[in-house]
Each structure stands twice: as C-alpha cells, then as structure tokens.
1. Do the conditions hold for G150, that is, is it over 19 Å from the mean Cα position of the chain (by Cα) and modelled with pLDDT of 90 or more?
2. For region 44-59, state whether one or more residues are among the β-branched types (V, I, T), over 12 Å from the mean Cα position of the chain (by Cα) and modelled with pLDDT of 90 or more.
3. For region 150-171, state whether one or more residues are free of Cβ contacts under 8 Å to residues at least 24 places away in the same chain, farther than 20 Å from M45 by Cα and among the polar types (S, T, N, Q).
4. Restricted to region 169-214, and to residues that are acidic (D, E) and open to solvent by 60 Å² or more (accessible area, probe 1.4 Å), which residue is nearest to G157 (Cα to Cα)?
5. Of the residues G157, G175, which single one is out of contact with any Ser or Thr (no Cβ under 7 Å at 6 or more places or on another chain) and under 30 Å from P15 (Cα atoms)?
6. Could you pull out every one of the helices (runs of 4 or more DSSP H) wholly within region 3-104 that has 2 or more residues that are of a type in the set (K, R) and open to solvent by 50 Å² or more (accessible area, probe 1.4 Å)?
7. I'd like to check something: does region 165-172 contain any residue that is under 25 Å from the mean Cα position of the chain (by Cα) and either assigned to a helix (DSSP H, G or I) or modelled with pLDDT of 90 or more (or both)?
8. Show the residue pairs meeting these rules: Cβ distance below 7 Å; 6+ apart or different chains; first residue within region 105-131 and touching a residue at least 24 places away in the same chain (Cβ under 8 Å); second residue in a loop (DSSP other than H, G, I, E, B) and not hydrophobic (A, V, I, L, M, F, W, C).
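The values are calculated or read from the model by the stated rules, or taken from the named source; none is laboratory data. This is a predicted model, so every value here is computed, not measured. Cβ placement follows ideal geometry from the backbone for every residue including glycine, while neighbour counts extend to all protein chains displayed. Ligands, DNA and RNA are excluded from the accessible area calculation, which covers all protein heavy atoms including side chains. Shrake-Rupley method; radii C 1.70, N 1.55, O 1.52, S 1.80 Å.
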Amino acid sequence: MGLLSKKDAKLITDPLADNNPITIQVLGICSALAITADLKASIVMSIAVMFVLGLGNVVISLMRNIIPSKIRIIVQLIVVATLVIIVDIILKAFAYELSKTLSVFVGLIITNCIIMGRFEAFALANGPWRSFLDGIGNSAGYAFILIIVGFFRELLGSGTLLGIKVLGDPIEKTGVYAYGYENNGFMLLAPMALITLGVIIWVQRSRNKALIEN
C-alpha cells in the first residue's frame, strides 16, 4: 500500500492541472502578474507561499475545534500574518536584494485568496495531514504557473534565466543576437504577464474541453 491513498494523492495532483488555483479558480492573480518578470523571484515567492499555506493549513486544522465561529477569519489572519513575518525576516536575513525585489508582495501573501480560501474551505473541516497535503497541492499548483510565466517572461524579455545569459550577449551580439534577435521589453511589463497567463489557460482548456465554461 502506498504512502498516500488515491483520495489523498488527488489533493496534490488536482491543483496542478484540472483544479489549478490560478488558471481554474482564478485566485492569486496579482502576484502572478507582479513578480514574474524574474524567474528567481517567481521561485522564491512560490516557496514562500508553499511554506505559509502548508504550515498554515496544519495550524488552522489543529485549532479548528476551538476557534469560535465569529472570530475565525481574525484567527486565520493572525496565523497567516505570523507565518508571513517569519518568511519576510528570513528573506531579509539571507536574500536581502531579492527581498527588495519582492518588496510589498511578500506582505501581500497575507491577503492571498488561495491561502484564505484553503483555510476556510478545507483546513477548518479536515485533519492536519489532509490539510497539509491540500496546502502543498494548491501551493504547488500556484508555483507551477508562476514558474512557467516567470520562465518565459525573463527568457524573452531579458534573454536570461536566473540572471544567467542563455541567449547570448545583446551588447557584443553573440548567440541569437548575432542573427538580429532583440529582447522583447514588453515581456517585462505586467500586461504581458496577463497575456502569457491567458495563453496557458487557452492551452489547458484546449487539452481538456471539460474545463471550458458554458
């Protein structure tokens, strides 16, 4: 018997495809548009959200039977705010320049609809283990989209990946630049993030017609 039952495994696999929090549930769009011009920032934001959502789901699940219904939203905000402060402190201590790049968007994890939605819809009604899997699954689905968008925006907009020149040198005209290629500066603007995300949504629905709304 495997580590995960089929039902538990779906908590991780479903958000990666047919129930993705960004492309299907249309949540967490702001950060997908704002910080994906840089692949490294996309990866770090993804890890931060995975930490906050995975651990936050467990904490809310453990407290679910003692949280008064009238103040549950306040309690959820306190939990997520505490975890975000921890993330922010760690980033400033070990990756200060990157923390400045992410700027206010780390703090805005507190109001990320994916996190509050999973607290409310899942963690309050399920045990810690399944809540943890749900948190990891949804944050992985979020990360999957962020990394894809960040990959194409940095590659086509700057000619780099993780800050490393992969298309050649645009100044010395080496690599693809020797053939007349120029970086597409529009890819670094927020509207192109929306267009890139739209292409992903189109591809996803082309592969699975059941996702197309009537």
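1. On the way: over 19 Å from the mean Cα position of the chain (by Cα): no; modelled with pLDDT of 90 or more: yes.
When the stated conditions are applied, G150 does not pass them.
2. Going through region 44-59, the residues among the β-branched types (V, I, T) turn out to be 44, 47, 49, 52, 58-59.
Those left that are additionally over 12 Å from the mean Cα position of the chain (by Cα): 58-59.
Now restrict to residues that are modelled with pLDDT of 90 or more: 58-59.
Within region 44-59, one or more residues are among the β-branched types (V, I, T), over 12 Å from the mean Cα position of the chain (by Cα) and modelled with pLDDT of 90 or more.
3. No; the residues of region 150-171 include none that is free of Cβ contacts under 8 Å to residues at least 24 places away in the same chain, farther than 20 Å from M45 by Cα and among the polar types (S, T, N, Q).
4. From region 169-214, those acidic (D, E) are 169, 172, 182, 213; that's our starting set.
Adding the requirement that they be open to solvent by 60 Å² or more (accessible area, probe 1.4 Å) leaves 172, 182, 213.
Values: E172: 18, E182: 9, E213: 32 Å.
Checked region 169-214; the qualifying residue nearest to G157 (Cα to Cα) is E182.
5. Working: G175 fails: under 30 Å from P15 (Cα atoms).
Just a single option satisfies the conditions, and that option is G157.
6. Numbers: elements: 6-13, 29-34, 39-63, 72-94, 96-102.
Answer list for region 3-104: 6-13, 72-94.
7. Within region 165-172, the first condition is being under 25 Å from the mean Cα position of the chain (by Cα), and the residues that meet it are 165-166.
Next, only the ones that are either assigned to a helix (DSSP H, G or I) or modelled with pLDDT of 90 or more (or both) stay: 165-166.
Checked region 165-172: at least one residue is under 25 Å from the mean Cα position of the chain (by Cα) and either assigned to a helix (DSSP H, G or I) or modelled with pLDDT of 90 or more (or both).
8. Final answer for the pair search is N112/G28; C113/G28; I114/P21; I114/G28; A123/R64; L124/R64.
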